[in-house]
1. Please give the total accessible area that chains B and A bury against each other, computed with a 1.4 Å probe and expressed in Å² to the nearest 100.
2. Quick query: amide H of A:Arg264 versus all other amide H atoms, modeled in the peptide plane; which residues come in under 5 Å with a sequence gap of 5 or more or a different chain?
3. So which of A:Lys60/A:Lys111; A:Lys63/A:Lys129; A:Lys135/A:Lys181; A:Lys60/A:Lys136; A:Lys260/A:Lys388; A:Lys83/A:Lys205 end up more than 27 Å apart by C-alpha?
4. Hey, can you grab everything whose amide H is under 5 Å from the amide H of A:Met300? Only 5+ residues off in sequence or another chain; H modelled, so Pro and N-termini drop out.
5. Of all accessible surface on the protein assembly as shown at a 1.4 Å probe, what whole percent is carbon and sulfur?
6. Could you state the per residue volume, in Å³, of the convex hull enclosing the Cα atoms of the range A:69-181?
7. Please compute, over every Cα-Cα pair in chain A, the percentage with a separation greater than 29 angstrom.
8. Obtain the radius of gyration and the Kirkwood radius of the range A:338-452 from its C-alpha atoms and give Rg over Rh.
Amino acid sequence: MEKLAFERPIIQRINAGLPSKHGISRKLEPISHIDEVPIKSLMDEYGSPLFILSESTIRKTYKEAYRAFSSRYPNVQFAWSYKTNYLNAVCNVFHQEGSWAEVVSGFEYDKAIANGVPGELIIFNGPDKSREDLKKAINNGSLIHIDHFDELYDIIHISKEIKERPKVAIRVNMDVGVYPKWDRFGFNFENGEAWDALNRIMGSKNLDLIGLHTHIGTYMMTTEAYRVAASKLAHLAVSLERKHGHVIQYIDLGGGFASKNTLRGAYYPGTDTAPSFDDFAEAITTALMNSEIKPSHLPMLILETGRALIDEAGYLAGTVLANKRLSDGRRATIIDAGVNLLFTAFWYEHEIRPIEPISEQTEDTIIYGPLCMNIDVVRSNITFPLLKKGDHYVIRRVGAYNNTQWLQFINMRPNIVMLDVDGKTHLIRKAETLETINNQEVTPEHLRSFNL
Amino acid sequence: MVKFNCSSKSAITSFKVMLKIRKNIAISDSGFVFDPMSGESFSLNPIGLEIIQLIKNGNNFKEITKVILDKYQVDEETLDRYFYDFISTLKQFNLLESTSHG
Ligand SMILES: Cc1ncc(COP(=O)(O)O)c(C=O)c1O
């Protein structure tokens, strides 16, 4: 007798029509293509897991942000935050769009120079600038944002040695109504430290004070904090003009706009809660225009937006390694990318989708990475379709901080490709090999051999 | 934080264990399942329904496997995996009597 076609046995809880906590359908539609390129074909060629960046998404997002600000304010400049993603291809897309560079270390500074960014268009932030870094930056006419008094005095000394006038701004920290306060960096506004630092700079005669900077935090979901920050910097600018007759050239409000990722534990998805570029722009530009700064002296507005400009353009695609049941019966799916590659899984409930159409059935699932550690959880609880070994997934919005904070732990870091605006694929960072890693090691002569 | 449970295969599919659907669970011929204790309802696909009925009629794992293998185009390993997963889901939905090892 002819046997019948088999289908896996399935039982499903009936909650059809009942919305999930997000009020949206639980069914996860597959994402099979990025910019019309099949994800599967990319993995066939470049391996799994694979980071995929969309150049057109980067450009579209940048243009959207630039439009939001430049349609409200006469003089707007973005500076690409290198730490957010310093792959040269990514940086250069932003530079082509008109972004300057924002760096926080000698390494990032050199990377920007090597990319061809003119020294005077590099903003040098952060608490870690060596004397050598400072000299180089001063000689190149870069914009040095002073973080603390020790650095201020270093700069004053160097400027006397090398007879160049450093171009400086100070970083200001302040209470913007968001807690915990980011008061580790820069000079405090409320206790008068920032004003004190500005007066010392004005008094030194050797430095050109050209700007005021703040970076109030990251993944900010409130535009009000930016209104407060812009007002406080405007207040300092007005005070400088009043007391010293000095007009600053720019106000830099740093980065921090939330991307559309969902924070761990958040009730609503980030796609619903993140303010738009227009919302942030409205708060910031209104505060500056309504301040006491004279209209003829309105400074350039600089933004160092990181995650909100790049998160959306990044994808991490890969393969399911196995499924198992935990002791409490819950389903666990193990994938080939863990927190080593997806550092942001510590903060975000990343959106993960199958790339092929699969069964309608879903189950509450934990998604683990391949590392032999308990912390390697990509999603701790997701209603997920029953992918089997060898099926493929794609994780969305991974463009920010992963390609800079990833770890070479247990395994090597994979290829990164960029899809250009014509859908052509470019390998922009090669997968590491055993050789890459071993090249950096030096084994002492007496440890080169052994008998087992 | 949840720990890996490395000995993933439990006693469910061991031949000796009798699987039992909880007493008051209602199962219709169309594959609709209702648990009066929790008020929850479930739906089965045809093979799921067939397996549940085999369990209800007192068949053990080995007997059920034989019935399915004889009737459908499926190899033993694939069936074994799906069967195991199906039973785990039943357990998770609290539809099985807690079994004792015998
Ligand atoms: C000084 C400075 N500017 C810009 C950024 C970019 O921030 P985000 O990615 O939150 O926009 C950071 C990030 O920490 C920063 O420290």
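1. The B and A chains share an interface burying roughly 3200 Å².
2. So A:Arg264 has HN proximity to A:Tyr348, A:Glu349.
3. A:Lys63/A:Lys129; A:Lys135/A:Lys181; A:Lys60/A:Lys136; A:Lys260/A:Lys388; A:Lys83/A:Lys205
4. Hits under the 5 Å cutoff: A:Tyr250, A:Ile251.
5. 52
6. 131
7. Tail of P(r) above 29 Å: 54 percent of Cα pairs.
8. 1.07
The values are calculated or read from the model by the stated rules, or taken from the named source; none is laboratory data. All values derive from a computational prediction rather than experimental measurement. Every residue, glycine as well, gets a Cβ built from its backbone with ideal geometry; the counts of neighbours run over all protein chains shown. Each accessible area value is taken on the protein alone, full model and side chains, heavy atoms only, with ligands, DNA and RNA left out. Shrake-Rupley method; radii C 1.70, N 1.55, O 1.52, S 1.80 Å.
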